[in-house]
Every structure is written in structure tokens, then in C-alpha cells.
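Chemist: Dropping a structure here in C-alpha cells format, bear with me for questions.
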Amino acid sequence: SAVISQKPSRDICQRGTSLTIQCQVDSQVTMMFWYRQQPGQSLTLIATANQGSEATYESGFVIDKFPISRPNLTFSTLTVSNMSPEDSSIYLCSVDGERGLQETQYFGPGTRLLVL
Amino acid sequence: QKEVEQNSGPLSVPEGAIASLNCTYSDRGSQSFFWYRQYSGKSPELIMSIYSNGDKEDGRFTAQLNKASQYVSLLIRDSQPSDSATYLCAVNAGGTSYGKLTFGQGTILTVHP
């Protein structure tokens, strides 16, 4: 499976500020995704990061709040903009890891964000 | 709305027993099914994937899929205290939703010595 790293691993931010999270993969991957895991909750998909085009956002998530970049096949960023305490979550990137014709998905270590 | 439901926990089993985790999904067109293990403070770790009806075994883990009943389960044989974690069921609808996973709420498993 691909080795995925995220920066920062954790951060404490003030409300109204923005944080950019980086996701780096050690090999080229077709698909990269960003998920959010709120405290005590399961994972929710924020968006699919598309290389060379705008990200595809899920219902309830918008580009102005969560702008995403994907400049190449090994790197993506997620920005959490104008943060509020409700944005306190773990943010995880994931990548596809195709096994033959069947897809699977691996997660990075996550970024733990606390907004005060 | 596509939903994935897991049996409510927490689930507590003695060491050496079989732990049974269950998951149902609402989208009949779903094509890929996954079980992730998540230790506290860590990210999800893929432990099993299954794509066709029947059983799939990998060491102490067995995944079972029944598409007609929209049901997927995970059996852990000879449970160990190190298996204590939250187990997440995830489903991919495929097609235009390729790669997009919908997760259940997770089942907390505790294996006590």
C-alpha cells in the first residue's frame, strides 16, 4: 500500500483563521479524498481531489469553506477557512490503492485540529 | 440518502472468543465493502475488503457478504486484547461514486483477558 503523510499532525487555531493541511503520497495515485471525523463520530467524505481540475464536493461541503488543491498525482492540500469551534475535527486524506481491477482505499495519519 | 448501519456497541468478548460485527447498507447497487479498524487516536486501518457474495478469510478475520440481504459482517476468531478498537464498516456504491466511501458509525470492541 502507498505511504501517506500529512502535515501538520495537529494544530490549535483561533476562530476566524485558516489552516492548510498537506497530504503527500510516496507514489502516484489516481484518486485522493478528504474526510472529516468529528469527535466521537465516524468519517464523512468532504470532497474528491481531482488532479488538474476543481475538487468535487459532497453535499454540505463548499469550496469557499474547504478549498482543495491537487497539483499532481502525489500531493493535495485542504484548507479549512474562517474556522469556528465546530470545525474541530480530525481531517484525513485517503488514496486509492488498486488491487488488480478492484479498488480499495488507504488513509493517512490524520490532522487533529482544535479551534478555540 | 445512502446509509450504512452497524450494530450498536460496545461489544465485549473474552479473550479467545469469536467477535461478530454486523453492518447493513441501504444502497442495493453498492459494489465494494470494507472493514477498517481504528485504534483510539489513530487513523483507520484497512483489515478486510470483500466484493462478491460469500465468505472471505484472512488469518483470524472472515468477512461475509450477502448482497440480497444488504448485509456484511466481520468475524474475528480467537479474539485478542490487541483487537480492542473501533471497527468501521464502509461501503462504496461504485459507478459515478467510484472511490467514495460511506461509513457506518462504528462498533467499539473490547476484548478482555
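The values are calculated or read from the model by the stated rules, or taken from the named source; none is laboratory data. Just so it is clear, the structure is predicted and the values come from calculations on it, not from any experiment. Cβ sites come from the backbone with ideal geometry, for glycine too, and all protein chains shown count toward neighbours.
One line per residue, one yes/no per condition, for (1) in contact (Cβ under 8 Å) with a residue 24 or more places away in the chain; (2) over 11 Å from the mean Cα position of the chain (by Cα); (3) at negative phi:
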site	(1), (2), (3)
A:GLN22	yes, no, yes
A:VAL29	yes, yes, yes
A:GLY52	no, yes, no
A:SER69	no, no, yes
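Chemist: Further question: When the residues of segment B:67-102 are filtered to those that are farther than 19 Å from B:ALA19 by Cβ and either aromatic (Phe, Trp, Tyr) or within 15 Å of the chain's Cα centre (by Cα) (or both), which remaining residue is farthest from the other protein chains (Cβ to nearest Cβ)?
Modeler: Residues of segment B:67-102 farther than 19 Å from B:ALA19 by Cβ: B:67-70, B:91-102.
From what is left, the residues that are either aromatic (Phe, Trp, Tyr) or within 15 Å of the chain's Cα centre (by Cα) (or both) are B:67, B:70, B:91-92, B:98, B:101-102.
Working: B:LYS67: 15, B:GLN70: 18, B:VAL91: 12, B:ASN92: 7, B:TYR98: 7, B:LEU101: 6, B:THR102: 8 Å.
Within segment B:67-102, the match that is farthest from the other protein chains (Cβ to nearest Cβ) is B:GLN70.
Chemist: OK, next. Counting just the residues of segment B:46-57 that are over 22 Å from B:SER12 (Cα atoms) and assigned to a strand (DSSP E or B), which one comes out nearest to the other protein chains (Cβ to nearest Cβ)?
Modeler: B:SER49
Chemist: Tell me, please, whether a residue that is at pLDDT 95 or above and facing another protein chain (nearest Cβ under 9 Å) can be found in segment A:56-69.
Modeler: No.
Chemist: Name every residue in segment B:33-45 that is in a loop (DSSP other than H, G, I, E, B) and surrounded by fewer than 17 Cβ atoms within 10 Å (Cβ to Cβ), in order of residue number.
Modeler: Result: B:TYR39, B:SER40, B:GLY41, B:LYS42.
Chemist: When you look at B:ARG37, is it among the charged types (D, E, K, R), in contact with a helix residue (DSSP H, G or I) (Cβ under 9 Å, 6 or more places away or on another chain) and within 13 Å of chain A (Cβ to nearest Cβ), yes or no?
Modeler: So B:ARG37 passes the test.
Chemist: Can you run down the residue pairs with Cβ atoms below 7 Å, 6 or more apart or on separate chains, where the first is in segment A:86-107 and more than 10 Å from chain B (Cβ to nearest Cβ) and the partner is modelled with pLDDT under 85 and in a strand (DSSP E or B)?
Modeler: Once the first residue is more than 10 Å from chain B (Cβ to nearest Cβ) and sits in segment A:86-107, no partner that is modelled with pLDDT under 85 and in a strand (DSSP E or B) comes close enough.
Chemist: Moving to a separate point now. Among the residues in segment A:39-54, are any more than 22 Å from B:TYR98 (Cβ to Cβ) and hydrophobic (A, V, I, L, M, F, W, C)?
Modeler: No, segment A:39-54 contains no residue that is more than 22 Å from B:TYR98 (Cβ to Cβ) and hydrophobic (A, V, I, L, M, F, W, C).
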